[in-house]
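> Handing you a structure now.
The values are calculated or read from the model by the stated rules, or taken from the named source; none is laboratory data. Quick caveat: nothing in here was measured; it's all calculated off a predicted structure. Cβ sites come from the backbone with ideal geometry, for glycine too, and all protein chains shown count toward neighbours.
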Amino acid sequence: MNVIRRRGWEIADRDLTPEHTFFNRRSFLAGSASALALAPGVALAQRASDAANLPDPTSDLYPAKRNEKFVLDRPVTDEKINSNYNNFYEFGSQKTIGSSAQVLRTRPWMVKIDGLVEKPIEIGIDELIRKMTIEERAYRHRCVEAWSMAIAWSGFPVRKLVDFAKPLGSAKYLRMETFMDPKMAFGQKQSWYPWPYVEGLSMAEATNDLAFLATGAYGHPIAKQMGAPLRLAVPWKYGFKSVKSIVRFSFVEQRPKGMWEALQASEYGFWANVNPEVPHPRWSQASEEIIGTGERKPTLKFNGYGDYVADIYTGMEAERLWA
Ligand code: MTE
C-alpha cells in the first residue's frame with residue numbers, strides 16, 4: 001500500500017515501498033531469493049518458524065473439490081510467485097515477507113463471533129473449518145497498487161459463517177479483525193498504524209455468492225504469508241478489503257472503519273470496489289500488471305464480477321463506491 005506521509009503517523013523512509021521498487025517488481029522478485037539468503041534476520045526467523053510449524057490438523061481436507069461456477073480469464077498465478085509477493089504489514093511493508101511471516105503461530109487459533117448475534121461464541125479454527133464444507137474457487141485478486149494475480153483458494157462462503165452466527169435483524173455490517181500480537185508480529189510495534197488490521201462488509205456483501213473465507217490455497221492449507229489460518233477473499237474489491245488471519249467477526253450496526261481508511265480516508269474508502277474509470281488519487285486504475293508475467297491488462301469494473309455484485313450497489317449513487 002502507498003500512503004502519503006503525514007504528521008502523527010509518519011512512516012520512516014526505510015518502511016516505505018520505494019516507487020522504483022514498485023515499478024520494477026519483476027527484477028525485485030528475481031532478486032529476492034538471493035537477498036533473503038544473505039539477510040542475517042532470516043536464519044533467526046527460520047528457527048522461530050520451525051517452532052511454529054506444527055502439522056496442520058485440517059490438511060486431510062485438501063485439495064478440495066473445485067467449484068466450476070467460478071472461471072478465470074487467465075491462468076492461476078504460480079504458487080512460488082504468489083508466496084513471495086505479499087502484503088502483510090504485520091510482518092513488514094515490503095512484498096517479500098514470506099520468510100518473516102513464518103513466525104505466525106496458527107494453532108491454537110480461536111475465532112470470536114460476537115456483537116449483534118443470538119449467542120456470541122468463541123470457537124477453535126479446526127472445529128469451525130470442519131463445520132463447513134470446503135470447496136475450491138479460482139478468483140482474480142486486484143490490489144489497489146495496480147497489480148493482480150489469480151489464485152485457487154479453498155474455503156467456504158462468508159454466508160455460511162453468517163448462517164452459523166445467527167445475526168440479529170439489527171446487524172448491518174460484518175466487522176473482521178486480525179490478531180494483535182506485537183511480540184510475534186514486529187510490524188505491529190509500528191505505532192503509526194492503527195492496529196489491529198480491521199475491515200468490514202455490509203450484510204448484503206457478506207451474504208453475496210462471491211464473498212469467501214479462505215482456509216487454503218493451491219490445494220493445501222493456506223500459507224502464513226497469505227493470511228493463515230483464515231482470510232477473506234472478496235475479488236470484486238481492491239485487495240486491502242481482504243483481511244488476513246482473522247480472529248474476530250463482529251456483527252454491528254455502525255459501518256466499521258478499516259485500518260487503511262483510519263489511516264487515510266481520502267484514499268482508502270469503505271466500499272473500495274474495483275473501477276478502472278476512477279483513479280486512485282495518486283495513480284491510474286485503468287490497467288494492472290499481472291504479477292509473474294510482466295503483462296499489463298485493462299482492469300475491469302468490479303474486477304469482472306459485476307454480474308454477481310453490481311445489484312448490491314443500485315440506489316447507492318451518493319456513496320463513494322470506487323476507492
Ligand atoms: N490483512 C492484514 N491483516 N494485513 C495486511 O497488511 N494487506 C491487504 C490484504 N489483507 C493486509 C491484509 C492488502 S493491501 C492486500 S493487496 C492483500 O491482503 C494481499 O494479499 P496477498 O498477499 O495474498 O496477495
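> So which residues in the range 185-205 are within 13 Å of the ligand (Cβ to nearest atom) and among the polar types (S, T, N, Q), if there are any at all?
Gln188, Gln190
> Answer yes or no: is there a residue in the range 210-225 that is assigned to a loop (DSSP other than H, G, I, E, B), modelled with pLDDT of 95 or more, under 17 Å from Leu104 (Cβ atoms) and within 11 Å of the ligand (Cβ to nearest atom).
yes
> Please state which one of Ser93, Ser148 is within 18 Å of Met226 (Cα to Cα), surrounded by fewer than 21 Cβ atoms within 10 Å (Cβ to Cβ) and under 16 Å from the mean Cα position of the chain (by Cα).
Details: Ser148 fails: surrounded by fewer than 21 Cβ atoms within 10 Å (Cβ to Cβ).
Sole residue among the options that is within 18 Å of Met226 (Cα to Cα), surrounded by fewer than 21 Cβ atoms within 10 Å (Cβ to Cβ) and under 16 Å from the mean Cα position of the chain (by Cα): Ser93.
> Out of Lys257, Lys244, which single residue is in a loop (DSSP other than H, G, I, E, B) and buried (at least 21 other Cβ atoms within 10 Å of the Cβ)?
Lys244
> Of all residues in the range 186-240, which are buried (at least 22 other Cβ atoms within 10 Å of the Cβ) and among the acidic types (Asp, Glu)?
Glu199, Glu205
> Right, here's the next one. Just give me the residues in the range 260-295 being assigned to a strand (DSSP E or B) and more than 16 Å from the ligand (Cβ to nearest atom), in sequence order.
Passing the criteria: Ser287, Glu295.
> I've got another one for you. Anything in the range 78-90 that is more than 8 Å from the ligand (Cβ to nearest atom) and part of a loop (DSSP other than H, G, I, E, B)? List them, or say none.
Asp78, Ser83, Asn84
> Restricting the search to the range 91-140, which residues are over 22 Å from Lys166 (Cβ atoms), assigned to a loop (DSSP other than H, G, I, E, B) and of a type in the set (A, V, I, L, M)?
Answer for the range 91-140, where residues must be over 22 Å from Lys166 (Cβ atoms), assigned to a loop (DSSP other than H, G, I, E, B) and of a type in the set (A, V, I, L, M): Ile97, Leu104.
> Right, something else. On the given criteria, is Ser170 part of a strand (DSSP E or B), of a type in the set (Gly, Ala, Ser) and in contact (Cβ under 8 Å) with a residue 40 or more places away in the chain?
no
> Only one residue in Val111, Val117, Val71 is surrounded by fewer than 21 Cβ atoms within 10 Å (Cβ to Cβ) and touching a Ser or Thr at 6+ places or on another chain (Cβ under 9 Å), so which one is that?
Unique residue meeting the criteria: Val117.
> Another question, then. Just to be sure I understand the filter: pairs with C-beta atoms under 6 Å, separated by 6 or more residues or on different chains, first member in the range 263-285 and farther than 18 Å from Leu201 by Cβ, second member surrounded by fewer than 16 Cβ atoms within 10 Å (Cβ to Cβ). Which pairs pass?
Final answer for the pair search is Glu267/Pro281; Pro276/Ala286; Gln285/Pro279.
> So in the range 148-175, with the set limited to residues that are within 11 Å of the ligand (Cβ to nearest atom) and out of contact with any Lys or Arg (no Cβ under 7 Å at 6 or more places or on another chain), which one is farthest from Ile246 (Cα to Cα)?
Met149
> Same structure, new question: Working only within the range 136-145, note down all residues that are more than 10 Å from the ligand (Cβ to nearest atom) and surrounded by 22 or more Cβ atoms within 10 Å (Cβ to Cβ).
Arg137, Tyr139, Arg140 - these are the residues of the range 136-145 that are more than 10 Å from the ligand (Cβ to nearest atom) and surrounded by 22 or more Cβ atoms within 10 Å (Cβ to Cβ).
> Can you tell me which of Pro182, Pro229 is in contact with a Lys or Arg (Cβ under 6 Å, 6 or more places away or on another chain), assigned to a loop (DSSP other than H, G, I, E, B) and within 15 Å of the ligand (Cβ to nearest atom)?
Details: Pro229 fails: in contact with a Lys or Arg (Cβ under 6 Å, 6 or more places away or on another chain).
After ruling out the rest, the residue left standing is Pro182.
> Among the residues that make up the range 279-298, is at least one of them within 17 Å of the chain's Cα centre (by Cα) and aliphatic (A, V, I, L, M)?
The answer is yes, given that some residue of the range 279-298 is within 17 Å of the chain's Cα centre (by Cα) and aliphatic (A, V, I, L, M).
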